[in-house]
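The values are calculated or read from the model by the stated rules, or taken from the named source; none is laboratory data. Just so we're clear, the structure is a prediction, and the values are computed from it rather than from any experiment. Because the Cβ atoms are built from the backbone with ideal geometry, glycine has one as well, and the counts that use them run over all protein chains shown.
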Amino acid sequence: MVNRANIISKSDFGIWIGWCLHFAIGFVFLFGYLLFREILPNISELLYALMFGFFAGLFGVIGWKFMFSLHGNPPQVPKFPFYVQLVGAHIVFSGIVATMLIMYIS
């Protein structure tokens with residue numbers, strides 16, 4: 001979306017900015033996941049992953065809605081299926097993070 005907004009003239013640079021922002025936000029979410037585990041200490045790791053993935057996906061939906069609203073030329077994608085897959089992807093990713101944490105801690 002950075003490229004389509006014509007904020008940066010070099011398209012490759014815009015792509016790198018987008019990926020760097022996504023990566024940085026991912027680290028924030030990882031720390032959020034660890035904090036979530038501290039707040040609710042007696043829940044199974046799978047339940048943590050499902051709950052956190054769902055909430056992370058909702059934050060992603062809110063973020064994308066915000067970006068689409070600010071953009072002068074947003075991509076024409078079917079919004080509802082896009083948001084559903086976004087939540088699903090965050091649930092799957094949280095499951096992977098939970099599995100990696102279990103393997104690392106054990």
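What about residue 36, is it surrounded by 14 or more Cβ atoms within 10 Å (Cβ to Cβ) and either at pLDDT below 85 or not in a loop (DSSP other than H, G, I, E, B) (or both)?
Details: surrounded by 14 or more Cβ atoms within 10 Å (Cβ to Cβ): yes; either at pLDDT below 85 or not in a loop (DSSP other than H, G, I, E, B) (or both): yes.
Yes, satisfied.
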Of the candidates 14, 60, the one satisfying the condition of being over 13 Å from the mean Cα position of the chain (by Cα) and of a type outside the set (D, E, K, R) is 14
Those residues that are polar (S, T, N, Q), surrounded by 13 or more Cβ atoms within 10 Å (Cβ to Cβ) and either within 15 Å of the chain's Cα centre (by Cα) or not in a helix (DSSP H, G or I) (or both), I need them from the stretch 68-105; list them, please. 94
When you look at residue 29, is it under 16 Å from residue 91 (Cα atoms), under 16 Å from the mean Cα position of the chain (by Cα), of a type outside the set (Gly, Ala, Ser) and assigned to a helix (DSSP H, G or I), yes or no? yes
Taking residue 104 as the residue in question, decide whether it is of a type in the set (Phe, Trp, Tyr), at pLDDT 90 or above and within 22 Å of residue 30 (Cα to Cα). no
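State all residues of the stretch 51-67 that are among the aliphatic types (A, V, I, L, M) and surrounded by 15 or more Cβ atoms within 10 Å (Cβ to Cβ); if no residue qualifies, say none.
Answer for the stretch 51-67, where residues must be among the aliphatic types (A, V, I, L, M) and surrounded by 15 or more Cβ atoms within 10 Å (Cβ to Cβ): 51, 56, 61.
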